[in-house]
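For reference, the structure discussed in these notes is given below.
The values are calculated or read from the model by the stated rules, or taken from the named source; none is laboratory data. Quick caveat: nothing in here was measured; it's all calculated off a predicted structure. Reconstructed Cβ throughout: ideal geometry from the backbone, glycine too, with neighbour counts over all protein chains shown.
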């Protein structure tokens, strides 16, 4: 977000109208002192009353506003996300009007025309987070020049709001170019997963579906044996993310690698593929019916490792790792 | 609210700002009429879809260039206020035309405010308050609208709504209340370096003329303007009413004209701030007078006044027995007076008999009336009594080719107004060789029951007679009592409304127009005195309390207070939301429950960090969620959760 011309540090600032009014008040005050004319004193006190009331009203109004951040807890870096600001006016006296809500994380300032006394309203605000990770929305600035436009008052409101920001997605063109059709479309992946062919057998563990029990073998062995189906290669992809960042690689390169991985996963999920996503200590399987957000979540929080970590991958796996010589991302690098 | 309606409203505000100037005469009517015609033209054009440019902007600029030297000349010629007002009116016409090129809404509102302040500053009538209310309301609407528009524009929005009337009214009331609080406390210290000008604020004249000229037709116009207000205590009322305020003494006669002799001014010395103007005889009473200066600094004192307190200076003059003070630019003054049943001059006076040409017929009439009375006072009473019973009061004497002379009044017509009666009695006293003179002033007045003062108005102007008895002047009034001022009977409602109107005007005069540094000092002293008294009273009460208060009492009070505190604590704990209790417990476990976090979420976090604690808390949170968010409420469940929570807490602590 670009900083607005009227934003400032501090709490209050005179506007141009306010400055003119103040000068005008001084002139009237001087004239009243010089002449001792009480009608001029009436005008002077009325003008001072206006200034005082203006200050009290704008400060009193902002002072009683409480803001909560609601709505989506996930967002994409570089893409606006609509969150809800729940604004409560706790004042029993003041209706608060013309409040501009400004924050570094907001895509653009939000104007709230009116919040009645003791009223709570929900305002949709477009947030824009630049970096992946957990974004702590800690503060929001409220500005108002209400009621007479003499002062621009500001109040900084502390917020308790965390949003998980998924990695930045690369643009459509780049994604299309980088996204490769999955090799071996009609073959099985030779890995356990969602499919029809039996891949292997294993012992029953708590939580297994009874549908997968291989009754014949269970009867012969006297204990429950589960059949594992083989992942369909045509509708599946194994994505391996290697968070190792060689010394010579830059932070930007690592971020780009994360973005490339996320973009790859995004488009794979959009095509309805089953994704097996692995990175150190994380294995996530998503199918058509399931969201890939767990994988994006993992990518959002991933930190670069400075030591290589061995990860299992086969010739069909798509591995995202930084090249050790160049420090550049390579989505086809093999383990 | 579209742009056209906004523009018209702003033009109407500008037009309204100049309306009071028609009434207070600060500038001529012609420039004001041009100003309003120009604005009316703009409103007409805008209402029909045009712009405010009734004259091309270039032409106005040329006029402005020509106007500048004229303005300087005007200002130099001691018409600075009028010249400045003309200039601001010109700017107010120019700005709407300029607004086609650039946004100058804020300046236009301020210009209108400037014109209005000029209007208010030169007004003394209370009706200006109505204008202030209407103008304030419209100005607040404009300022609020301006604030809306600028806020919306600053973040790239447009504002189309009209400002709320209720809001404008709210802020008008608020500003007025603040102004009312500030008005009495803003110091009225005059600038010692650059003293400003205080123009004449009234064109009022007394109903009294400097001379009584019977060759002129006398027109008496009813004028309810208040000249003076006099407060008297109930102990003074029976003896000093009806009031007579002395203004002029006509002690010379020259060819049908009764004149005031002029001896110039003589400063009177004050003793402890009190100016003595006569010697009291008999019992004394005091009164307070608030008087408007309608003829220079002439002060109108009630008959019987012998001392004045509260004025900076008092001079005797210009004629004998009349008094003047320095007005110092003020429009009115308030002072205290001391009155006696009768007063005598401070020094021996050489009183001469009036040089009225007494004819034998008048002398014969005078002797016929007084009969065998030889004492001046008795003679005066007989003449006064005779005239009040044998003469008739007419405001307008019979129309005739030449004016009615006093002789004709006394001997033939026997009817006329108060000045004929007074002059006739003086002529008769002169025929008897007794010094007498006509006194012009104000008579009677009306007691305002709401404020307790007598209001003397211009229409209460009257003439009566003072006769020299050898050591003092005695007052006589030959005009029939029923025909003196203030004898018009009014209905109850009219009397009440008149009193109410007068009270409001008095308040306006006393506490607004003439409120000054002296009042502020008095106000501060009053506040301090009340504070001191209150402190003194509380100190005395405390001492008494200490004496009566025993140790047992103290123990009882402490016990009652402790019980009350325990009760409050208990009620507060009972009324405390369960959410707070649970979040307090979670805080104890190291989980901060934010305002946007649910208990379920907090429990999940706790489960990750301290699974065993989460296991204990989970059923309680499930109960809590059920109690709070299901339509089914179980009686006593909240208390049960609280108890269980306390158990979990004590288990953790042990």
Would you be able to say whether some residue in region B:299-309 is free of Cβ contacts under 8 Å to residues at least 40 places away in the same chain, on the phi > 0 side of the Ramachandran plot and in a loop (DSSP other than H, G, I, E, B)?
no
Got a number for residues in region A:295-310 being under 23 Å from residue A:170 (Cβ atoms) and at pLDDT below 85?
0
Subset of region B:1-55 [over 24 Å from residue B:161 (Cβ atoms) and not in a helix (DSSP H, G or I)]:
B:19, B:25, B:26, B:27, B:28, B:48, B:50, B:53, B:54, B:55
When region B:1-23 is checked residue by residue, the ones that are within 19 Å of residue B:129 (Cα to Cα) and crowded, with 18+ Cβ neighbours inside 10 Å are B:13, B:14, B:15, B:16, B:17, B:18, B:20, B:21
Just one of B:504, B:512, B:527, B:521 is in a helix (DSSP H, G or I) and either touching a helix residue (DSSP H, G or I) at 6+ places or on another chain (Cβ under 7 Å) or within 14 Å of chain A (Cβ to nearest Cβ) (or both); which is it?
B:512
Region A:122-172, residues that are over 10 Å from the mean Cα position of the chain (by Cα) and not in a strand (DSSP E or B):
A:145, A:146, A:147, A:148, A:149, A:150, A:168, A:169, A:170, A:171, A:172
Condition test on residue A:45, is it more than 21 Å from residue A:147 (Cβ to Cβ), at the interface with chain B (Cβ under 7 Å from one of its Cβ atoms) and in contact with a helix residue (DSSP H, G or I) (Cβ under 9 Å, 6 or more places away or on another chain)?
no
Given the conditions (1) over 28 Å from residue B:507 (Cα atoms); (2) buried (at least 16 other Cβ atoms within 10 Å of the Cβ), every one holds for residue A:34 apart from (1)
Considering residues that are more than 8 Å from chain A (Cβ to nearest Cβ) and surrounded by 15 or more Cβ atoms within 10 Å (Cβ to Cβ), the number found within region B:167-180 is 4
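Counting just the residues of region A:1-31 that are in a loop (DSSP other than H, G, I, E, B), more than 18 Å from residue A:53 (Cα to Cα) and facing chain B (nearest Cβ under 10 Å), which one comes out modelled with the highest pLDDT?
A:7
Which of the helices (runs of 4 or more DSSP H) found entirely inside region B:98-183 contain at least 2 residues meeting this: touching a strand residue (DSSP E or B) at 6+ places or on another chain (Cβ under 8 Å)?
B:128-154
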If a residue must be within 11 Å of chain B (Cβ to nearest Cβ), assigned to a strand (DSSP E or B) and either closer than 21 Å to residue B:158 by Cα or modelled with pLDDT under 85 (or both), how many such residues does region A:74-121 contain?
12
Of A:325, A:248, which residue is out of contact with any helix residue (DSSP H, G or I) (no Cβ under 7 Å at 6 or more places or on another chain), more than 28 Å from residue A:74 (Cα to Cα), modelled with pLDDT of 80 or more and outside any strand (DSSP E or B)?
A:248
Would it be correct to say that residue A:206 is under 35 Å from the mean Cα position of the chain (by Cα) and either at pLDDT 85 or above or not in a helix (DSSP H, G or I) (or both)?
no
Is at least one residue of region A:49-56 surrounded by fewer than 22 Cβ atoms within 10 Å (Cβ to Cβ), more than 9 Å from every other protein chain (Cβ to nearest Cβ), part of a strand (DSSP E or B) and in contact (Cβ under 8 Å) with a residue 12 or more places away in the chain?
no
Consider residue A:238 against the criteria (1) under 29 Å from residue A:266 (Cα atoms); (2) at pLDDT below 80: it satisfies all of them except one. Which criterion is unmet?
(2)
Listed by range, helices (runs of 4 or more DSSP H) wholly within region B:356-460 having at least 3 residues that are surrounded by fewer than 21 Cβ atoms within 10 Å (Cβ to Cβ) are B:360-370, B:376-390
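May I ask you to verify whether residue A:70 is more than 17 Å from residue B:121 (Cβ to Cβ) and at pLDDT 85 or above? Give the steps one after another, and end with the answer.
Numbers: more than 17 Å from residue B:121 (Cβ to Cβ): yes; at pLDDT 85 or above: no.
In short, no.
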Those residues of region B:110-143 which are free of Cβ contacts under 8 Å to residues at least 24 places away in the same chain and more than 29 Å from residue B:501 (Cα to Cα), in sequence order
B:110
Output for Cβ contacts, cut-off 9 Å, separation at least six or different chains, first residue facing chain A (nearest Cβ under 8 Å) and crowded, with 22+ Cβ neighbours inside 10 Å in region B:144-166, second part of a helix (DSSP H, G or I) and modelled with pLDDT of 80 or more, reads B:144/B:167; B:144/B:168; B:144/B:171; B:146/A:17; B:146/B:105; B:146/B:106; B:146/B:109; B:147/A:17
Could you tell me which numbered condition residue B:360 fails, if it satisfies all but one of (1) farther than 30 Å from residue B:411 by Cβ; (2) at pLDDT 90 or above?
(1)
Residue list for region B:241-258, filter: surrounded by fewer than 17 Cβ atoms within 10 Å (Cβ to Cβ) and more than 28 Å from residue B:285 (Cβ to Cβ):
B:254, B:255, B:256, B:257
